[in-house]
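Asks: Quick one: the structure is below, and I'll ask about it shortly.
Throughout, read-outs are computed from the coordinates displayed, never taken from laboratory work. Note that the structure is predicted; figures quoted are calculated from it, not measured. Cβ: placed from backbone, ideal geometry, glycine included. Neighbour counts: every protein chain shown.
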Amino acid sequence: MSFKTKDFYNFLNQLAPLTIAEPQDNNGLQVGSFEDEVSGVLLVVDLTSKAIDYALENRLNLIISHHPFIFKPLTQIIKEDPKGHLIYRLIQEKINLISWHTPLDKIEEGVSEAILRALNLKGERFISLQEKNQKVFGLGRVVYLKKSIKLQDLAKKLGKVLKSWVMVVGDLETPIKAFGVCGGSGAFLKDELKNLGINTLITSDVKYHVAKDSLEEGFNFIVIDHGIAEGLVLDWLKTSLVKFITSYNLNLKIEIFREPSPYQILLTEENKCKRKFCD
Ligand SMILES: [Fe+2]
């Protein structure tokens, strides 16, 4: 027996059903064939040329990306364009691409909870709660701590587990008793959290004006790298896929390819300020 692309598609659909995807999202098989035999699987946050290189070197012919590679409808596929170039490579090298996005954001074990797992914490409720077929899901998680922690200590702890830069919006000395987490761009969850009496959110991609307004309101953000934060869910996904494969008594290589943050934060002696730190 061997696995085909469609077997992984069906498994992902059980794990994080497409029925809960955001309406504008684009999940599923993006390039390739449902009928191809899978020689190995590579898990990534984003499809890049380096991810394709890695898949080729390691003979992994199915890439599962968290972010949809094709999001807006394509009007053309040109070999010389950055996106077209990658599509050409996938087809020429016979590599299939599946993307699994908002269903993985929304399930309980998903993207936001993966960040909490890295902190040795567990979410207690969803933010942006939705319900379908008697199942609840949402776009973020809320944690209540037994003991409060200073905003800066929580941020430093995150920086350590993510091994990445962290930015903080808010008074670093604020004691935090409860906070929200949303792996993606979660600033839109601010009002819902405020209604719950929670004034802190760990998320990524917070815009300048949102940060300024939040400072004024006394709402705190711990801003982390989008890709690195969302990459934490790949460990859980890998464990789930390994279980699935071994339940058929089969062995197949499943690997994770991580890339560094696209942002490089340079601190000089002159501008080393307390508002950005990496340790
Ligand atoms: Fe994302």
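Asks: In vacuo Debye scattering of the chain, one point per C-alpha: log10 I(q)/I(0) at q = 0.13, 0.17 Å⁻¹?
Replies: Per q value, in the given order, log10 I(q)/I(0) is -0.91, -1.33.
Asks: Moving on. Return, for the Cα atoms of the stretch 107-224, the radius of gyration and Dmax in Å, separated by a comma.
Replies: 13.4, 43
Asks: How high is the relative contact order of the stretch 107-224, given as a whole-number percent (alpha carbon pairs under 8 Å, six or more residues apart)?
Replies: Computed over the stretch 107-224, the figure is 24 percent.
Asks: Pull out a ≥ b ≥ c, the square roots of the eigenvalues of the alpha-carbon gyration tensor of the stretch 160-279, then state rounded if a/c is under 1.5, prolate if not and a/b is larger than b/c, and oblate in the remaining case.
Replies: oblate
Asks: Here is a follow-up. Below 8 Å between Cα atoms, with a sequence gap of 6+, how large is the relative contact order for the chain in percent?
Replies: RCO, the chain: 18 percent.
Asks: Net charge near Leu47, counting Lys/Arg +1 and Asp/Glu -1 over other residues with Cβ under 11 Å of its Cβ?
Replies: +1
Asks: Also: For Val166, which sequence-distant residues (separation of 5 or more, or a different chain) have an amide H within less than 5 Å of its own amide H, given hydrogens modelled in the peptide plane?
Replies: For Val166, whose amide H was placed from the backbone, the distant partners under 5 Å are Phe277.
Asks: If R₀ is 30 angstrom, what is the calculated FRET efficiency for the pair Val161 and Tyr248, using the beta carbon separation as r and rounding to 0.05?
Replies: After rounding, the FRET efficiency stands at 0.35.
Asks: If one takes the longest principal axis of the Cα atoms in the chain, at what angle in degrees, from 0 to 90 and to the nearest 10, does the Cα axis of helix 208-217 lie?
Replies: 40
Asks: Here's a follow-up. Compute the Rg/Rh shape ratio of the stretch 1-146: radius of gyration over Kirkwood radius, all on alpha-carbon atoms.
Replies: Radius of gyration over Kirkwood radius for the stretch 1-146 works out to 1.02.
Asks: May I ask for log10 I(q)/I(0) of the stretch 193-264 at q = 0.27, 0.29 Å⁻¹, from a Debye sum over the Cα atoms as equal point scatterers with solvent left out?
Replies: One equal scatterer on each Cα of the stretch 193-264 leads to -1.17, -1.24.
Asks: Okay, moving on. Give me the one-decimal Kirkwood hydrodynamic radius in Å for the stretch 121-185, with the sum taken over alpha-carbon pairs.
Replies: 13.3
Asks: Would you calculate the convex hull of the Cα atoms in the stretch 96-147 and tell me its volume per residue in Å³?
Replies: Spelled out: Cα convex hull of the stretch 96-147, divided by residues, is 83 Å³.
Asks: In addition: Can you give me the long-range amide H partners of His101? Hydrogens built in the peptide plane at 1.01 Å from N, cutoff under 5 Å, separation of 5 or more residues or another chain.
Replies: Residues meeting the amide H criterion: Gly28.
Asks: Tell me, in nm to one decimal, what length is gained between Thr239 and Lys132 on full extension, where the rule is 0.36 nm per residue of separation less the Cα-Cα distance?
Replies: Length gained between Thr239 and Lys132: 35.9 nm.
Asks: Would you mind checking the pairs Lys50/Lys150; Lys157/Lys190; Lys157/Lys207; Lys6/Lys160; Lys4/Lys50; Lys135/Lys212 and listing those with alpha carbons more than 27 angstrom apart?
Replies: In this structure, Lys50/Lys150; Lys6/Lys160; Lys135/Lys212 exceed 27 Å between Cα atoms.
Asks: Assuming 0.36 nm per residue, please report the length gained on full extension of the stretch Lys79 to Lys207 beyond their Cα-Cα distance.
Replies: 42.7 nm
Asks: Which value, in debye to the nearest 20, describes the size of the charge dipole of the chain about its Cα centre when Lys and Arg Cβ atoms bear +1, Asp and Glu Cβ atoms bear -1, and nothing else is charged?
Replies: Computed charge dipole of the chain: roughly 640 debye.
Asks: Let me ask something else about it. Which whole-Hz ³J(HN,Hα) couplings does the stretch 234-249 yield from phi under the Karplus relation 6.51 cos²θ - 1.76 cosθ + 1.60, θ = phi - 60°, glycine and proline marked x?
Replies: Here the 3J(HN,Hα) series is 5, 5, 5, 4, 4, 4, 5, 5, 5, 4, 4, 5, 5, 5, 9, 6 Hz.
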